[in-house]
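In what follows, a single structure is set out as structure tokens and then discussed.
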Amino acid sequence: MEFNPALPIYLQVMTAIKREIVTGTLEMGARLPSVRELAVQYAINPNTAGRVYRELENEGICFTRRGMGTFVTEDAQKVAQLKEAMADELARQYLDGMRRLGITREEALRRLGRFSPVSVLEEKGE
Amino acid sequence: MLECREITKKYGRKTAVDQVSFCIEPGHIYAMLGPNGSGKTTLMKMAVSLVKPTSGAFYYKGQPVGVDSRREIAYMSTEPYFYNWMSAEDVGRYYQDFFEDFSMETYHALLERMELDPRTKTKAFSSGMMAKLKIAVTMARRAKVYLLDEPLNGIDLLARDEIIRSILEAANRDVALVISSHLVDELEKVVDTAIFIRESRLADVCEVEALRIMQGKSVVDRYREIYGHGGEQTC
């Protein structure tokens, strides 16, 4: 995974895990790696890895069973909410970026329509 | 746990370390950063009493460092320190004789993962293999403090990944790791605290996630500030 070294690492790893949860790569109720394993997997500081789980727990996205480890929430509604929030955030970033280019909201929205699903994937090289 | 208290080291007229103080606590991974010649190696050698300070001292658990503290402080120097007739297996035995906390089992597991054959003589090792061997033999100790002098220097990307992995696997709540490097970005994600040494002096000690959160700066950004111009303390 590519990190932006000027942004908090814990937030970047949280986003990566959230993405795996909303896409179903990590299933609801699935056991997450231990803090140590997470640190090794992402090559990050173990204290940062610990913080990732603490923050995810605070947000209700995962929970800890004493002596068993950390698990993805079993609450489908929670996952749906998370997906909504992440989608909103991406949309906000897009509109914000356009605004900073001096492009109106209407033009920004219209522009999205020009991209068919195929052309979007092609541009990403997939 | 390991405290550097107002240490100065002079070699003749040259001051290698100038009034440096800091504290190393368990549960943290520290980067000791600074250009070549800034005093990082001298500091590490003083922490394991291989070099005597001109004034000031290192304390481990409240006692001046010496033969006793070396049982719990593992130090990896930059220069290779094995006889070239030794095989990787011999190196392990040599360490086992020296250090009570050395685990042959951990050593073999590390060698295997790093794809080093225990039977190979060290004289046949490339610089990357030698770097991995040094890490394996150091991390196979169950020490409380690990001082690693330039473990990532001059080796390829994949060997670096392996070394970082071994470092992270050794990290836990009871252990402190100090990694010196002049390659700042390599350690960016791995450490939680950065100690900056500039021209023999302590320039700054930064908690790196706090640096990102509060100031939106990377360790590399801070490094440039310190060594590029002036080096005023901001965190």
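Just so you know, all these numbers are worked out from the coordinates, no wet-lab data involved. Quick caveat, the model's predicted, so the values are computed rather than measured. Cβ atoms come from the backbone with ideal geometry, glycine included; neighbour counts cover every protein chain shown.
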Peptides B:73-86, A:100-113: what's the order by average Cβ count within 10 Å, highest mean first?
-> B:73-86, A:100-113
For helix B:157-170, report the angle its Cα long axis makes with the longest principal axis of the Cα atoms of chain B; keep it between 0 and 90° and round to the nearest 10°.
-> 80 degrees
Can you list the lysines whose alpha carbon is less than 27 Å from that of B:Lys45, not counting same-chain residues fewer than 8 positions off?
-> B:Lys9, B:Lys10, B:Lys14, B:Lys61, B:Lys123, B:Lys132, B:Lys134, B:Lys144, B:Lys189
Helix B:127-139 sits at what angle to the longest principal axis of chain B, using alpha carbons and giving 0 to 90 degrees rounded to 10?
-> 90 degrees
Rounded to the nearest Å, the spacing of the alpha-carbon centers of region B:30-62 and region B:109-150 is 23 Å
Final fewest-first order of A:Thr15, B:Thr193 on the 10 Å Cβ neighbour count is A:Thr15, B:Thr193
GluC sites (Glu not before Pro) restricted to region B:72-169 and DSSP loop, no more than 12 other C-beta within 10 Å = B:Glu100, B:Glu115
What is the sum of charges around B:Gln96, taking Lys and Arg as +1, Asp and Glu as -1, for the other residues whose C-beta is under 12 Å from the C-beta of B:Gln96?
-> -4
Shielding of A:28-39 by partner chains, average beta-carbon count, 10 Å = 1
Which one of A:Thr48, A:Ala30, A:Phe63 is farthest out on the positive end of the charge dipole of region A:9-74, using unit charges on Cβ (Lys, Arg +1; Asp, Glu -1) and the Cα centre as origin?
-> A:Thr48
Take every residue in peptide A:64-70, count the Cβ atoms of other chains within 10 Å of its Cβ, and give the average of those counts.
-> 0
From other protein chains only, count the Cβ atoms within 10 Å of every residue's Cβ in B:57-70, then give the mean.
-> 0
Fewest to most neighbouring Cβ within 10 Å: what's the order for A:Cys62, B:Cys23?
-> B:Cys23, A:Cys62
Per the Debye formula with a single identical scatterer at each Cα and no solvent contribution, what log10 I(q)/I(0) holds for the protein assembly as shown at q = 0.06, 0.11, 0.12, 0.15 Å⁻¹?
-> -0.29, -0.87, -0.98, -1.31
Counting alpha carbon pairs within less than 8 Å and at least 6 residues apart, what relative contact order, in whole percent, applies to chain B?
-> 26 percent
